[in-house]
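Following: one structure in structure tokens, then a few remarks.
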Amino acid sequence: MQKKVKGLNAEWHRQHKMPKNPTVQQRIGWHLAHLENCGCRPGLPGKLKEQMKKLKIKIPAGI
Ligand SMILES: [Zn+2]
């Protein structure tokens with residue numbers, strides 16, 4: 001059984017393509033915006049959270 005993709009915001013994805021070689025900041029910004037606008041995948045990648053901690057960027061609660 002395939003899991004249903006819940007809350008995919010295809011329109012947002014069309015308008016917010018990840019740059020080809022994103023900087024860490026671009027990736028973090030993209031994922032934070034993505035969390036707010038689309039539910040196609042839960043939370044943030046673990047590595048990104050580590051980088052955010054290093055950069056002292058606040059990680060949203062509950063993810
Ligand atoms: Zn999405």
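The values are calculated or read from the model by the stated rules, or taken from the named source; none is laboratory data. Source: prediction; values computed, not measured. Cβ placement follows ideal geometry from the backbone for every residue including glycine, while neighbour counts extend to all protein chains displayed.
Just a few scattered comments:
- Only one entry of 22, 60, 42 meets the criterion of being at pLDDT 95 or above and either outside any helix (DSSP H, G or I) or loosely packed, with under 11 Cβ neighbours inside 10 Å (or both), and that entry is 22.
- Residues being closer than 16 Å to residue 63 by Cα and away from the ligand (no atom under 11 Å from the Cβ) - total across segment 9-36: 3
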